[in-house]
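> There's a structure below that I have some questions on.
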Amino acid sequence: MKKILLVFILAAGSMSAGDFQHFALDVESGTIFISYSDIQIPKSTGTLISFADELETDPAFFIRGRFTYYFNRGNMISVLFAPLTLNATGSVDHDVVFEGVTFAANTVLNTVYKFNSYRLTYEHFWFVGERWCLGLGVTAKIRDAKISIAKDLELSVDTARISEKTDLGFVPLIKLSVVWQFIPRFALVLDGDALAAPQGRAEDVSLAIQGDIGQNLSLKLGYRVLEGGSDVEEVYSFTWINYLFAGATVSF
């Protein structure tokens, strides 16, 4: 029964001894704040600018959700929807060239960093012990990204000073989860997707305290880091975003 409980904790839902096939709906919400965001587009002719250090990026609210199907005593398939948008404002003491458009020094700039993520994941729980559970799988991620810089239009009618870079692409990731049941009905859960390559990297990893508070409901509190970017001729962009979140999961 303890093994079943560990799998249940990872699912953030509840199940009986014979209920290995079920669904779970997980929702997280909280605040996000940025550690760094260094942008240079394109890499050879654009200006390297920090959205975190040279501009002011306010903390933002977020919500993300995952729908999961558990089957065959230790397998799961899930779909994740994780939208993300951050806005930064400020001015710098030098010209900024972004995607072929030049913004003069000391111009008030409004920027948008959008990184929506849609993921399909398969995971198998390879080890389930008395207090530990280990899952390993693969994730197919679709990123819908946009970075834009615009001149503050409240100060001028010059609507031409706006430039943006969009990207819609596929990213393969490795899925990993580790559960430690430190007391009955409560666990510390490490969960994430990550992969690195010469042209860039991506990590989305969370650490949360999670517990069963009812037959079909669990709650969690945790911290998540979203970090990564690309280092190619077309785009140089690396960003670190911190999440403080609370979540709830209903199993059925």
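> Which pairs turn up if I take residues in the stretch 54-71 that are touching a residue at least 60 places away in the same chain (Cβ under 8 Å) and look for partners that are part of a strand (DSSP E or B) with beta carbon separation below 6 Å, at least 6 apart in sequence or on another chain?
Listed by first residue and then by second, the contacts come to F62/I32; Y70/H22; Y70/M76.
> Can you name the residue in the stretch 184-237 that is among the hydrophobic types (A, V, I, L, M, F, W, C) and part of a loop (DSSP other than H, G, I, E, B) and, of all such residues, is surrounded by the most Cβ atoms within 10 Å (Cβ to Cβ)?
Going through the qualifying residues, I end up with V235.
> Under the condition of being at pLDDT below 95 and among the polar types (S, T, N, Q), which residue from the stretch 167-209 is nearest to W126 (Cα to Cα)?
Selected residue: Q181.
> If you take the residues in the stretch 117-144 that are under 30 Å from L55 (Cα atoms) and touching a Leu at 6+ places or on another chain (Cβ under 6 Å), which one is surrounded by the fewest Cβ atoms within 10 Å (Cβ to Cβ)?
Step by step, filter the stretch 117-144, then rank; the result is D144.
> Can I ask one more? What pairs can you find where one residue is in the stretch 229-252 and free of Cβ contacts under 8 Å to residues at least 24 places away in the same chain, the other is in a strand (DSSP E or B), and their Cβ atoms are less than 9 Å apart, with a gap of 6+ or different chains?
Between residues of the stretch 229-252 that are free of Cβ contacts under 8 Å to residues at least 24 places away in the same chain and residues that are in a strand (DSSP E or B), there is no close pair.
Table: residues versus (1) over 16 Å from G137 (Cβ atoms); (2) in contact (Cβ under 8 Å) with a residue 24 or more places away in the chain; (3) in contact with a Leu (Cβ under 8 Å, 6 or more places away or on another chain).
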position	(1), (2), (3)
P172	no, yes, yes
V178	no, yes, yes
Q181	yes, yes, yes
F186	yes, yes, no
V189	no, yes, yes
L195	no, yes, yes
G200	yes, yes, no
D204	no, yes, yes
A208	yes, yes, yes
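> Restricting to the stretch 24-81, name every residue that is within 18 Å of the chain's Cα centre (by Cα), among the polar types (S, T, N, Q) and modelled with pLDDT under 95.
The one that is within 18 Å of the chain's Cα centre (by Cα), among the polar types (S, T, N, Q) and modelled with pLDDT under 95: T57.
The values are calculated or read from the model by the stated rules, or taken from the named source; none is laboratory data. This structure is a prediction, so every number in the text was calculated from the model and none was measured. Note that each Cβ is placed from the backbone with ideal geometry, even for glycine, and that neighbours are counted across all protein chains shown.
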